[in-house]
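A.B. asks: If you scroll down you'll find the structure; I have some questions about it.
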Amino acid sequence: MAWLTRFVTALTFLALGVIFSPETFGSKSEGQHPPRLTTLLKLAHLLCFSTAWGAAFWVTFIGGIIMFKNLPRHQFGNLQSKMFPAYFSMVGVCCAVAVGAFGYLHPWKTSAAAEKYQLGFLLAAFAFNLSNLIIFTPMTIEMMKERHKVEREAEIGDEIGWTKNQEVAKKNPKLASMNKKFGMIHGLSSLANIMSFGSLAMHSWYLASKINL
């Protein structure tokens, strides 16, 4: 997944360039764009934003919970270790495109305060997501693999739920220490994911205020 990380990082700098150096990309205020280009940019922004928000909602509140409650823990962990890098890469790309499109339509120097706040929310969503992709997810996966080794030594991990882990950890200091380290790193990853989702949710309110139904 290293190439995806580099690709998402490159998109980051492109999006920032669109926002803060509009003259480099020929960006103008929205009313000065050709109608077809404006529609295309709005479509790109809407599709990428909705994909990122929908994916974040499903993974955070539905898919992950269902899998945890129905899969053996090691199987669940191994699946998540494959899914999350792809998930954060996809959301990162979508956020970068959304930031770039919105920033092109609303250059920072000429934007109203409301649009600057929205750029801030979109950039925050992207930054939290990128921190997960580059920092927290690799650390979480590595810690998970180390804990799996300790659990296999204790002959647990093929069950569903945390009950056996918690029981064994009471008598196994090594597993208890691994649980604590994993919990801290996983907690930071989850917090970054929630903050990214919250930033996207704030932008959804802004978009809803612009729609005429």
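A.B. asks: Restricting the first residue to the stretch 48-76 and requiring it to be without any contact (Cβ under 8 Å) to a residue 24 or more places away in the chain, which pairs with a second residue that is of a type in the set (S, T, N, Q) and surrounded by 15 or more Cβ atoms within 10 Å (Cβ to Cβ) meet a Cβ separation below 8 Å and a spacing of at least six or different chains?
C.D. replies: What qualifies is Gly64/Gln80; Met67/Gln80.
A.B. asks: Only one of these conditions is not met by Ser131: (1) surrounded by fewer than 17 Cβ atoms within 10 Å (Cβ to Cβ); (2) within 14 Å of the chain's Cα centre (by Cα). Which number is it?
C.D. replies: With (1) surrounded by fewer than 17 Cβ atoms within 10 Å (Cβ to Cβ); (2) within 14 Å of the chain's Cα centre (by Cα) applied to Ser131, the lone miss is (1).
A.B. asks: State all residues of the stretch 95-113 that are touching a residue at least 24 places away in the same chain (Cβ under 8 Å), out of contact with any Phe, Trp or Tyr (no Cβ under 7 Å at 6 or more places or on another chain) and not aromatic (Phe, Trp, Tyr); if no residue qualifies, say none.
C.D. replies: The first filter runs over the stretch 95-113 and keeps only residues touching a residue at least 24 places away in the same chain (Cβ under 8 Å), leaving 95-110.
Keeping just the survivors that are out of contact with any Phe, Trp or Tyr (no Cβ under 7 Å at 6 or more places or on another chain) gives 97, 100-103, 105-107, 109-110.
Those that are touching a residue at least 24 places away in the same chain (Cβ under 8 Å), out of contact with any Phe, Trp or Tyr (no Cβ under 7 Å at 6 or more places or on another chain) and not aromatic (Phe, Trp, Tyr): Val97, Gly100, Ala101, Gly103, Leu105, His106, Pro107, Lys109, Thr110.
For every residue, the table says whether it meets (1) at pLDDT 95 or above; (2) loosely packed, with under 13 Cβ neighbours inside 10 Å.
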site: Phe20; (1), (2): no, no
site: Gln32; (1), (2): no, yes
site: Leu40; (1), (2): no, no
site: Ser50; (1), (2): yes, no
site: Ala55; (1), (2): yes, no
site: Ser89; (1), (2): no, no
site: Val99; (1), (2): no, no
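A.B. asks: Taking the stretch 152-189 as the region of interest, how many residues are closer than 30 Å to Ser131 by Cβ and aliphatic (A, V, I, L, M)?
C.D. replies: Start the filter on the stretch 152-189 by keeping residues that are closer than 30 Å to Ser131 by Cβ, which leaves 157, 161-162, 165-166, 169, 174-189.
The next check asks that each one be aliphatic (A, V, I, L, M); those that pass are 169, 175-176, 178, 184-185, 188.
So the count comes out to 7.
A.B. asks: For a quick check of your reading of the model, give me the residue pairs whose first member lies in the stretch 159-187 and is surrounded by 12 or more Cβ atoms within 10 Å (Cβ to Cβ), whose second is among the aliphatic types (A, V, I, L, M) and not in a helix (DSSP H, G or I), with beta-carbon atoms closer than 8 Å and at least 6 apart or on different chains.
C.D. replies: Ile160/Leu71; Lys164/Ile156; Asn165/Ile156; Val168/Ala154; Val168/Ile156; Asn172/Ala154; Leu175/Ala154
A.B. asks: Moving on. Given the residues Phe84, Phe121, Phe102, Phe126, which is the only one that is over 30 Å from Gly161 (Cα atoms) and touching a Ser or Thr at 6+ places or on another chain (Cβ under 6 Å)?
C.D. replies: Values: Phe84 fails: over 30 Å from Gly161 (Cα atoms); Phe102 fails: touching a Ser or Thr at 6+ places or on another chain (Cβ under 6 Å); Phe126 fails: touching a Ser or Thr at 6+ places or on another chain (Cβ under 6 Å).
Phe121 is the lone residue from the list that is over 30 Å from Gly161 (Cα atoms) and touching a Ser or Thr at 6+ places or on another chain (Cβ under 6 Å).
A.B. asks: Which residues, counting only those in the stretch 148-191, are among the charged types (D, E, K, R) and either farther than 30 Å from Phe126 by Cα or part of a loop (DSSP other than H, G, I, E, B) (or both)? Outline the logic, then answer.
C.D. replies: Within the stretch 148-191, the subset among the charged types (D, E, K, R) is 149, 151-153, 155, 158-159, 164, 167, 170-171, 174, 180-181.
Scanning the stretch 148-191 gives Lys149, Glu151, Arg152, Glu153, Glu155, Asp158, Glu159, Lys164, Glu167, Lys170, Lys171, Lys174.
A.B. asks: Please go through the stretch 94-113 and pick out each residue that is over 11 Å from Phe49 (Cβ atoms) and in a helix (DSSP H, G or I).
C.D. replies: Once the filter is applied, which keeps residues that are over 11 Å from Phe49 (Cβ atoms) and in a helix (DSSP H, G or I), the stretch 94-113 yields Ala96, Gly100, Gly103, Tyr104, Leu105, Trp108, Lys109, Thr110, Ala113.
A.B. asks: Mind checking whether some residue in the stretch 80-93 is within 30 Å of Tyr206 (Cα to Cα) and outside any helix (DSSP H, G or I)?
C.D. replies: So far as the stretch 80-93 goes, no, none of its residues is within 30 Å of Tyr206 (Cα to Cα) and outside any helix (DSSP H, G or I).
The values are calculated or read from the model by the stated rules, or taken from the named source; none is laboratory data. Because the structure is predicted, anything quoted here is derived from the model rather than measured. Here the Cβ is made from the backbone with ideal geometry for all residues, glycine too, and neighbour counts use every protein chain on show.
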